[in-house]
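For reference, the structure discussed in these notes is given below.
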Amino acid sequence: MHPGKFRFFGKLAVAMTLVALASGGQAWELQWYGQAAFRITTDSGKVILIDPFISGNPKTPEALKDLGKLGRVDLILLTHGHGDHVGDTAKIAEMTGAKVALNADFGHTFGTLGVVPYQQLIRFNKSGPIEPLGPGISITMVRAEHSSEYVHTDARSGKKGVYPGGEPAGYIIRLENGFTLYHAGDTGVFGDMKFIGEYYRPDLALLPIGGHFTMDPAHAAYAVRELLKPKSVIPMHYGTFPPLKGTPEQFIGALGEAPAQVIVMAPGESRKF
Ligand code: ZN
């Protein structure tokens with residue numbers, strides 16, 4: 001190897017080591033349960049669940065469906081009121097004492113129905129970052145192009161009712177080491193994804209690709225290529241139910257030469273970043 005080249009790669013290695021040290025030298029972990037349900041374990045060991053549809057999720061491996069084995073959960077983030085996103089929130093909040101962060105209006109529905117006690121709720125709204133796990137991890141609610149109703153069955157009367165679920169949302173989560181991920185929730189493509197890309201500069205985007213209720217692979221590919229421009233993308237919200245027909249292969253095909261790295265996870269899989 002040419003000595004100049006060696007110096008360059010030597011410097012690169014030193015720089016990479018310094019970056020690793022600056023971030024605590026640790027990795028945070030992301031686990032996918034299928035649909036839009038994820039578990040984040042941060043560098044400092046804090047656990048965030050997003051849209052924890054687990055025990056009733058056809059894609060979640062059986063071994064993970066036992067909520068008693070979930071262990072520590074510090075925070076649950078809900079994107080909207082639909083059942084395949086709210087999932088096991090009430091049970092997990094009760095078992096773990098985790099705070100539940102959600103749209104302010106949806107929070108009133110949860111609180112008044114007694115789904116989750118008011119004192120465990122963090123009711124907030126868009127563009128007002130919060131740090132519910134202490135300084136170092138910030139969470140910002142962003143827009144999603146979807147709908148949000150909450151269907152609830154009264155435990156005593158057995159009567160089903162439809163309640164306001166606030167506005168649907170996505171989340172920008174900035175971790176201790178500065179890594180920024182964007183969980184889009186359920187969404188169609190919208191022009192303000194350009195703002196999300198420019199303002200938050202997500203390293204990783206978790207995007208629905210299944211179609212029918214959300215973006216299909218072609219719309220999600222447009223969002224990545226033209227608007228969000230994240231470094232990496234994980235497709236989600238596909239294959240869980242028959243109408244969600246989009247596939248990661250179609251998504252990768254539609255992306256073409258876009259520079260984003262596509263990470264296709266298997267339900268239950270964990271990845272370190
Ligand atoms: Zn939905």
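Would you check if TYR118 is surrounded by 11 or more Cβ atoms within 10 Å (Cβ to Cβ), in contact (Cβ under 8 Å) with a residue 40 or more places away in the chain and either more than 30 Å from ILE209 (Cα to Cα) or not small (Gly, Ala, Ser) (or both)?
Values: surrounded by 11 or more Cβ atoms within 10 Å (Cβ to Cβ): yes; in contact (Cβ under 8 Å) with a residue 40 or more places away in the chain: no; either more than 30 Å from ILE209 (Cα to Cα) or not small (Gly, Ala, Ser) (or both): yes.
Judged against the criteria, TYR118 is not a match.
State whether one or more residues within region 248-270 are within 14 Å of the ligand (Cβ to nearest atom) and either modelled with pLDDT of 95 or more or outside any loop (DSSP other than H, G, I, E, B) (or both).
So the first thing to find is which residues in region 248-270 are within 14 Å of the ligand (Cβ to nearest atom), and the list is none.
No, region 248-270 contains no residue that is within 14 Å of the ligand (Cβ to nearest atom) and either modelled with pLDDT of 95 or more or outside any loop (DSSP other than H, G, I, E, B) (or both).
Quick one: which of THR109, THR89 is within 16 Å of the ligand (Cβ to nearest atom), in contact with a strand residue (DSSP E or B) (Cβ under 6 Å, 6 or more places away or on another chain) and without any contact (Cβ under 8 Å) to a residue 40 or more places away in the chain? Give the steps one after another, and end with the answer.
Numbers: THR109 fails: without any contact (Cβ under 8 Å) to a residue 40 or more places away in the chain.
Only one candidate passes the filter, namely THR89.
Could you pull out the residue among ARG156, ARG201, ARG225 that is away from the ligand (no atom under 16 Å from the Cβ), at pLDDT below 95 and among the basic types (Lys, Arg)? Before you say what the answer is, go through the steps one by one.
On the way: ARG201 fails: at pLDDT below 95; ARG225 fails: at pLDDT below 95.
Exactly one residue qualifies, and that residue is ARG156.
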Counting only residues in region 43-88 that are among the polar types (S, T, N, Q) and surrounded by fewer than 23 Cβ atoms within 10 Å (Cβ to Cβ), the one farthest from TYR182 (Cα to Cα) is identified as SER55
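Can you go through LYS194, LYS245, LYS272 and tell me which one is over 25 Å from SER148 (Cα atoms) and either among the charged types (D, E, K, R) or touching an Asp or Glu at 6+ places or on another chain (Cβ under 7 Å) (or both)? I'd like the intermediate steps shown before the answer.
Working: LYS194 fails: over 25 Å from SER148 (Cα atoms); LYS245 fails: over 25 Å from SER148 (Cα atoms).
Step by step, each of LYS194, LYS245, LYS272 is checked, and only LYS272 is over 25 Å from SER148 (Cα atoms) and either among the charged types (D, E, K, R) or touching an Asp or Glu at 6+ places or on another chain (Cβ under 7 Å) (or both).
Of all the strands (runs of 3 or more DSSP E) wholly in region 1-100, which have at least 1 residues that are out of contact with any Lys or Arg (no Cβ under 9 Å at 6 or more places or on another chain) and at pLDDT 95 or above? If you could, list the steps in order and put the result at the bottom.
On the way: elements: 29-34, 37-41, 47-50, 75-77.
Answer list for region 1-100: 37-41, 75-77.
The values are calculated or read from the model by the stated rules, or taken from the named source; none is laboratory data. None of these values were measured; they are calculated from a predicted model. So basically every Cβ, Gly included, is an ideal-geometry build from the backbone, and we count neighbours across all protein chains shown.
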